[in-house]
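The values are calculated or read from the model by the stated rules, or taken from the named source; none is laboratory data. Because the structure is a prediction, the values reported are computed rather than measured. Positions of Cβ are backbone-derived with ideal geometry, glycine not excepted, and every protein chain shown enters the neighbour counts. In case anyone asks, the SASA skips ligands and DNA or RNA and just uses the protein heavy atoms, side chains included. Shrake-Rupley method; radii C 1.70, N 1.55, O 1.52, S 1.80 Å.
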Protein chains: 2
Amino acid sequence: MLNVGIVQQSNTADIVLNRSKLKANILACAEKGAQLVVLQELHDSLYFCQTESPENFDLAVTIPGAETAYYSEIAKSAKIVLVTSLFEKRAPGLYHNTAVVFDSDGSIAGKYRKMHIPDDPAYYEKFYFTPGDLGFTPIQTSLGKLGVLVCWDQWYPEAARLMALAGAELLIYPTAIGWESTDAAEEKQRQTDAWMIAQRAHAVANGLHVISVNRCGYEPDPSAVTNGIEFWGNSFVAGPQGEILFQAPNSKEINQVISLDLLRTETVRRMWPFFRDRRIDAFGNITKRYLD
Amino acid sequence: MLNVGIVQQSNTADIVLNRSKLKANILACAEKGAQLVVLQELHDSLYFCQTESPENFDLAVTIPGAETAYYSEIAKSAKIVLVTSLFEKRAPGLYHNTAVVFDSDGSIAGKYRKMHIPDDPAYYEKFYFTPGDLGFTPIQTSLGKLGVLVCWDQWYPEAARLMALAGAELLIYPTAIGWESTDAAEEKQRQTDAWMIAQRAHAVANGLHVISVNRCGYEPDPSAVTNGIEFWGNSFVAGPQGEILFQAPNSKEINQVISLDLLRTETVRRMWPFFRDRRIDAFGNITKRYLD
C-alpha cells in the first residue's frame, strides 16, 4: 500500500505564512504515515494569474534555489516524496508553471513543466507561463514513477495517456480551479462534476490511480474585472476504475492520508485490457489541430 | 433542438420478434417527435459472442441486403435518421461489427465498422469481428455529422477525439455490456460508474453530446462457462459538459425521446477551449503501443 497525503488549503498574500502552513500540513501528513505528499498548484502565493501584471514575475523562483531548498529540507526531514508546484524563472522573460518532485532524501527527483496553458477570464496563464518543453515524462522516485501533470492538463486525455504509456504508476494533478461567484448554482455543479469526471476517466482509461489536489478559499480579482475566484476544493483520489477513494469538501482546508493499493492496476488492466486493443495504426491524426 | 429517440430492450433468440419489437419502439419514438433514433449494439439477436461457435456466423447479413432494406423502410416511413448495429458479412471468413446509419429518405448515409474489438470471458468478439478499416470517420446525414462508435470503442478517448476532430457534432455509442452475476454488488457499481464516467468524459473533453444505448435483460451463456450476462441498461444522454440529460433504469425496456440543444457545443467550447491548446507537437507517441 502507498500512503498518500494531500494538502488542500486557502492562501493569502503572505508567502512566508503560506509556506509555514504548508510545512505544518505536510508534517501532519507524514506523522499520519504519508510516504508521498501532494500540494496544490502554485501553493506559495495567491493565484496571481487573475490579472496580467508584470510585477507578478517577481514571484517566480529559480530551480534549484532557496525555495526548492525549503521543500527539499521538509521532504528529507519527513522522509517523504513531495510533489510541489512552483512558478519557475528559467531566464529573463522565460517562465514556466513547474511541478518539482523531491525524493525522500531531499534530492530533486525531477520536474514537469505544465504543457497545456489556459487563458480565460481570471486565468490569464498564457501571459505568465511558456508551455512546457519536457514532454509527458513520468518522474522516477523511490516510490515509483509518478505521472505528474498540472491543472489545465487534466482536461486532456492525451496527456494522461502519454504518461501511462511512458510507465507512470499513478497520475497526479496539482490544480487551482474555482467558480466565478455570479455563475448559477447549476452551472457551478456542472463545472465541478465535469472536472471530476474528466480526471476519473483518466483513471478508467489507463487503469491508474489519480490524485488531484486543488486549493480552496476565495481570492478577489485585484483588477475588479471579475468577482474573483472561489476555489472549489474537492481534492480527491480515484482508484483505477475511477472510483472515489477520498473527496475533500469544497471550502474546508484539509490534510488527509489515503492508502492506495497500486497492485489494483495490474488486476484492473487484466480485466479491462484497453492497452491491448488500442488502434495505434489509426491514431495518427491525433497530432492534427483539426481535420478539415 | 434535435429530438433523439433511444431504444433499450431485451432480446430473445427469435430475430423476427426482436425486429418487430424494435420497429414498434422506433415508431413510438417517431410519434413522440424523434428525428434521430439510436438502437443498441447487435440489436437483431441475442448477444451471440458469449461463445465461439462457427454456426453463429449464419447470423451475419450483407450490407446492403434484406435486413438493411427492413430498417431503410422504417427510417423512410417514419422520416427519421436511424442508427442501427448489424453483424456484417463482408466476404466468406470476413465479418465486422458494423453500425449502419439510414437517412430519413431511407438511403444508407454511411457505415462505421467497430475499430476496437474486445475479447474477455463472455465477450469473445475477436473470434467474430475483424477490426474496422473505415477509420474514425463521422457519417454525414441530413441532421448533421454523426460520430458513431460502438461499445468497446467507448473506453478509448482517442476514438472520441478523432471523431470530434473530424467534425462529428455528437457522439453515438450502440453498446451491449452487462454484469457477471457472481460479481459483488460494489464491483458491479464500480463497473457501471466507470462505463458512464468514461463516456461522459468524452463529452467533456470534446464539448459534444454523447448518446449511449445499451441492451437490458439477462442472457444465459450457452456454454455454461460463465453465469451469463445481465445487460445493465442505463442507456443515457449526456450534454457537452458531461451532464446527464437522461438515464434509463438498468433492467427496464424503454423508448424515450430527449431534446438536445446542439448549439451548446459552441457555447461550451468558447468557455472551455480545449481544442485551442492541445499540444499536438507533443502527442506523436499516442501512436505507440507502449514507451519502453
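Data table
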| item | result |
| --- | --- |
| Filter pass, A:T192 being touching a strand residue (DSSP E or B) at 6+ places or on another chain (Cβ under 6 Å) and within 13 Å of chain B (Cβ to nearest Cβ) | yes |
| Yes/no for B:A28 being out of contact with any Gly (no Cβ under 7 Å at 6 or more places or on another chain), open to solvent by 10 Å² or more (accessible area, probe 1.4 Å) and touching a residue at least 60 places away in the same chain (Cβ under 8 Å) | yes |
| Within segment B:96-120, considering residues that are open to solvent by less than 10 Å² (accessible area, probe 1.4 Å) and either in contact with a strand residue (DSSP E or B) (Cβ under 6 Å, 6 or more places away or on another chain) or free of Cβ contacts under 8 Å to residues at least 12 places away in the same chain (or both), the one farthest from B:S142 (Cα to Cα) | B:H96 |
| Failed item in (1) buried (at least 22 other Cβ atoms within 10 Å of the Cβ); (2) in a helix (DSSP H, G or I), with A:S72 passing the rest | (1) |
| The one condition in (1) within 25 Å of A:N250 (Cα to Cα); (2) touching a residue at least 12 places away in the same chain (Cβ under 8 Å) that A:T141 fails to fulfil | (1) |
| Strands (runs of 3 or more DSSP E) fully within segment A:182-270 counting 2 or more residues that are in contact with a Pro (Cβ under 9 Å, 6 or more places away or on another chain) and crowded, with 20+ Cβ neighbours inside 10 Å | A:209-214 |
| B:D153 being open to solvent by 10 Å² or more (accessible area, probe 1.4 Å) and either of a type in the set (D, E, K, R) or more than 11 Å from chain A (Cβ to nearest Cβ) (or both) | no |
| Count of segment A:53-70 residues which are within 22 Å of A:G106 (Cβ to Cβ) and among the aromatic types (F, W, Y) | 1 |
| Among the residues listed as B:L17, B:L36, the single one being surrounded by 17 or more Cβ atoms within 10 Å (Cβ to Cβ) and either within 20 Å of B:V150 (Cβ to Cβ) or not hydroxyl-bearing (S, T, Y) (or both) | B:L36 |
| Subset of segment A:250-292 (residues that are more than 11 Å from chain B (Cβ to nearest Cβ), among the aliphatic types (A, V, I, L, M) and in contact with a strand residue (DSSP E or B) (Cβ under 8 Å, 6 or more places away or on another chain)) | A:I254, A:V257, A:I258, A:L260, A:L262 |
| Top-ranked residue in segment A:45-69 [being in a loop (DSSP other than H, G, I, E, B) and out of contact with any strand residue (DSSP E or B) (no Cβ under 7 Å at 6 or more places or on another chain); ranked as nearest to A:T12 (Cα to Cα)] | A:S45 |
